[in-house]
Amino acid sequence: MNTRRALLFIPIILALVLGAFLFKGLSLNPRELPSALVGKPFPAFELSALQDQAKQLTKVDLPKQPHLVNIWATWCPSCKVEHPQLLSIARDDNIPIVGLNYKDTAPEAQKWLRVYENPYVFNIFDPKGKLGFDLGVYGAPETYIVDAKGIVRYRHAGPIDVETWKTMRNIVRDLEREG
């Protein structure tokens, strides 16, 4: 009889545990996806430049100052939404942005930059998503802040808007003051 009573409590205990996990999930921000790279060096790579595929780019080509690495693609509707903000950042804040054209075709990406303008100092062409995989990209757009020493300092999943940029700009400015 005691065993039968104990078995009655198992569903109650399981419901309480499940409820605790679901309650914890309510406080999570889906834009704050974890990144194993924050605090670590930007991954090594050797990929072609989008505009000149004969030119090979490597980690050495990244700016030697705080900069953004923006993952984008022509098939990504959110990338088109954030593009005016990237143009503003490049123009008004004078912060270098490196583009990572992710799982795309070169002709489409080149046309996209001609039509919508190019905010990037250069674009890394990653048609197979290898560098994206090494970065832990969930999807486009994503943007990384990389410091002058090549260390990933911050990751943002999703489009950058005015409010998001305020937070990110403060991080970049702090990195610039660190020298």
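The values are calculated or read from the model by the stated rules, or taken from the named source; none is laboratory data. Keep in mind that what you see is a predicted model, and the values were worked out from it rather than measured. So basically every Cβ, Gly included, is an ideal-geometry build from the backbone, and we count neighbours across all protein chains shown.
Can you tell me which residues in region 158-179 are closer than 19 Å to Thr74 by Cβ and in contact with a strand residue (DSSP E or B) (Cβ under 8 Å, 6 or more places away or on another chain)? Steps first, answer last, please.
To start, the set of residues in region 158-179 that are closer than 19 Å to Thr74 by Cβ comprises 158-160.
Selection gives Gly158, Ile160.
Given (1) surrounded by 19 or more Cβ atoms within 10 Å (Cβ to Cβ); (2) out of contact with any Lys or Arg (no Cβ under 9 Å at 6 or more places or on another chain); (3) not hydrophobic (A, V, I, L, M, F, W, C), identify the lone condition not met by Asp147.
With (1) surrounded by 19 or more Cβ atoms within 10 Å (Cβ to Cβ); (2) out of contact with any Lys or Arg (no Cβ under 9 Å at 6 or more places or on another chain); (3) not hydrophobic (A, V, I, L, M, F, W, C) applied to Asp147, the lone miss is (2).
Kindly provide the set of residues from region 32-50 that are at pLDDT 95 or above and in a loop (DSSP other than H, G, I, E, B), ordered by number.
Within region 32-50, the first condition is being at pLDDT 95 or above, and the residues that meet it are 40-50.
If the condition is that a residue be at pLDDT 95 or above and in a loop (DSSP other than H, G, I, E, B), then Lys40, Phe42, Pro43, Ala44, Phe45, Leu50 are the ones that fit.
Restricting to region 68-94, name every residue that is surrounded by 20 or more Cβ atoms within 10 Å (Cβ to Cβ), under 25 Å from Gly179 (Cα atoms) and not polar (S, T, N, Q).
Leu68, Val69, Leu86, Ile89
For Glu142, state whether it is closer than 24 Å to Arg169 by Cα, of a type in the set (Asp, Glu) and buried (at least 16 other Cβ atoms within 10 Å of the Cβ).
Details: closer than 24 Å to Arg169 by Cα: yes; of a type in the set (Asp, Glu): yes; buried (at least 16 other Cβ atoms within 10 Å of the Cβ): yes.
So Glu142 passes the test.
Quickly run through region 133-163 and pick out the residues that are modelled with pLDDT of 95 or more, under 12 Å from the mean Cα position of the chain (by Cα) and among the β-branched types (Val, Ile, Thr).
The answer is Thr143, Ile145, Val146, Val152, Ile160.
Answer yes if at least one residue in region 58-73 is of a type outside the set (Asp, Glu) and assigned to a helix (DSSP H, G or I), and no otherwise. Reasoning before the result, please.
First pass over region 58-73, keeping only residues of a type outside the set (Asp, Glu): 58-60, 62-73.
Subset that is assigned to a helix (DSSP H, G or I): 59-60.
For region 58-73, residues of a type outside the set (Asp, Glu) and assigned to a helix (DSSP H, G or I): present.
Ile124: of a type outside the set (D, E, K, R), closer than 17 Å to Asp161 by Cα and either in contact (Cβ under 8 Å) with a residue 60 or more places away in the chain or buried (at least 16 other Cβ atoms within 10 Å of the Cβ) (or both), yes or no?
Values: of a type outside the set (D, E, K, R): yes; closer than 17 Å to Asp161 by Cα: no; either in contact (Cβ under 8 Å) with a residue 60 or more places away in the chain or buried (at least 16 other Cβ atoms within 10 Å of the Cβ) (or both): yes.
So Ile124 fails the test.
Out of (1) out of contact with any Leu (no Cβ under 6 Å at 6 or more places or on another chain); (2) under 23 Å from Val172 (Cβ atoms); (3) of a type outside the set (Phe, Trp, Tyr), what's the single condition that is false for Ile71?
Going through (1) out of contact with any Leu (no Cβ under 6 Å at 6 or more places or on another chain); (2) under 23 Å from Val172 (Cβ atoms); (3) of a type outside the set (Phe, Trp, Tyr) one by one, Ile71 breaks only (1).
Please determine, by comparing only the residues of region 150-179 that are surrounded by 14 or more Cβ atoms within 10 Å (Cβ to Cβ) and among the aliphatic types (A, V, I, L, M), which one is farthest from Lys40 (Cα to Cα).
Looking only at region 150-179, we keep the residues that are surrounded by 14 or more Cβ atoms within 10 Å (Cβ to Cβ), and these are 150-160, 164-165, 168-169, 171-172, 175.
Narrowing the set further to residues that are among the aliphatic types (A, V, I, L, M) leaves 151-152, 157, 160, 168, 171-172, 175.
On the way: Ile151: 5, Val152: 6, Ala157: 18, Ile160: 23, Met168: 18, Ile171: 16, Val172: 17, Leu175: 15 Å.
The extreme case among them is Ile160.
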